[in-house]
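Structure, as structure tokens:
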Amino acid sequence: MTSQREIWAKRVRDIMDGRPVRWAEARNLIGDFDGRERTLEVFNADAKDQRQLLRRLRPVREDLERAAGGPTIIIFHTSAESSRLYGQFVQAALRDEAADDIAVSEYVLPDDVQPLGVDVTLRERDGANPGTGSTELPRVAA
Amino acid sequence: MLLTAQRVMSPVSHRQGVNVYQYQHGPYAWERVPAEFLPETNPGELVAQWIDLPPGGNSVVSFLDVVAPDHIEGVELHQLLASLKHRLPQSTGSPTTAYWDPFWVQFGCAPLPVPWATELGALAGHIALSLSGARPRHAHSG
């Protein structure tokens, strides 16, 4: 069963435009401070975006803190630091999100859907030989 | 580089799938995608394809095109793909286009039985998983 904390991590991820988010693990935090166990890490959040991202949390902050059991601390990691220090986690989180997005889109197309175009067969470049691959789009007007 | 995902349906068997294509433009860098590298003008050369449903006459019911410099950092590209469903504003016309320097994005979608953002997220997810190697490659050369 998914815990409230996991649900909130995903909700905050969506509020942060799909940036990877996780509850900080105590072993990754230095120093003792109030809210240590209620710290959310947000990755790929560059300095120029952080203020705006924090503002987006305001409408849900009360609910978030109720679910977390008290005031919540948000730690932003820039894109560069996210790659340098947490690359494995960030890549895995983005891959998981992609897999989730694909899973929720498994549906049956109606037979009478109006097509936007028709696909065409293309030729992939032959190894490292430039000029051997197709240079057209994979669709043409219907 | 142009990355394209398109959901296609066979008009005969009604089988459906999402095919992904990767094109390259060459070692160019830019702040904003030059008009000469937009898909309708110059998609680049096809270097890889991930085929669910063999192309050639299938109906295209949705597509996502993403243009980026060939040598963009993988994590930057994957973060953009994860963010699209949250950030791309739905426009009344189809397709929707947007510049997110150094990216350019185009999303087109026929009326489908899923929300617009769900389909956008699914196509972005297919591109992300293809590039990360999580999706098997079935080259279909013409």
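When the strands (runs of 3 or more DSSP E) confined to segment A:60-142 are screened for residues that are more than 24 Å from A:Glu25 (Cβ to Cβ) and either at the interface with another protein chain (Cβ under 8 Å from one of its Cβ atoms) or open to solvent by 60 Å² or more (accessible area, probe 1.4 Å) (or both), those reaching at least 2 such residues are found at A:117-119, A:139-141.
If you take the residues in segment B:52-90 that are assigned to a loop (DSSP other than H, G, I, E, B) and farther than 26 Å from B:Gln16 by Cα, which one is nearest to the other protein chains (Cβ to nearest Cβ)? Please lay out each step first, then the result.
Keep residues of segment B:52-90 that are assigned to a loop (DSSP other than H, G, I, E, B), which gives B:52-58, B:68-73, B:88-90.
Then keep just the ones that are farther than 26 Å from B:Gln16 by Cα; that gives B:68-73, B:89.
Working: B:Ala68: 15, B:Pro69: 16, B:Asp70: 12, B:His71: 15, B:Ile72: 12, B:Glu73: 7, B:Pro89: 13 Å.
Here the residue is B:Glu73.
Check segment B:6-18 and report whether any residue there is over 20 Å from B:Pro113 (Cα atoms), touching a Leu at 6+ places or on another chain (Cβ under 7 Å) and surrounded by 17 or more Cβ atoms within 10 Å (Cβ to Cβ). Within segment B:6-18, none of the residues are over 20 Å from B:Pro113 (Cα atoms), touching a Leu at 6+ places or on another chain (Cβ under 7 Å) and surrounded by 17 or more Cβ atoms within 10 Å (Cβ to Cβ). State all residues of segment B:61-112 that are among the acidic types (Asp, Glu) and open to solvent by 10 Å² or more (accessible area, probe 1.4 Å); if no residue qualifies, say none. Once the filter is applied, which keeps residues that are among the acidic types (Asp, Glu) and open to solvent by 10 Å² or more (accessible area, probe 1.4 Å), segment B:61-112 yields B:Asp70, B:Glu73, B:Glu76, B:Asp101.
The residue that is farthest from the other protein chains (Cβ to nearest Cβ), among those in segment B:19-42 that are open to solvent by less than 10 Å² (accessible area, probe 1.4 Å) and in a loop (DSSP other than H, G, I, E, B), is B:Val33. Within segment A:23-44, identify whether any single residue is open to solvent by less than 40 Å² (accessible area, probe 1.4 Å), modelled with pLDDT of 95 or more, closer than 24 Å to A:Glu97 by Cα and outside any strand (DSSP E or B), and answer yes or no. Yes - at least one qualifying residue is present in segment A:23-44.
Restricting attention to segment B:91-134, the residues being in a helix (DSSP H, G or I) and within 13 Å of the chain's Cα centre (by Cα) number 13.
The values are calculated or read from the model by the stated rules, or taken from the named source; none is laboratory data. All of these numbers come straight from a predicted model, not from anything done at the bench. Neighbour counts run over all protein chains shown; Cβ positions are idealised from the backbone, glycine included. The protein model used for the area step is the full one, side chains on, heavy atoms only, and it has no ligands, DNA or RNA in it. Shrake-Rupley method; radii C 1.70, N 1.55, O 1.52, S 1.80 Å.
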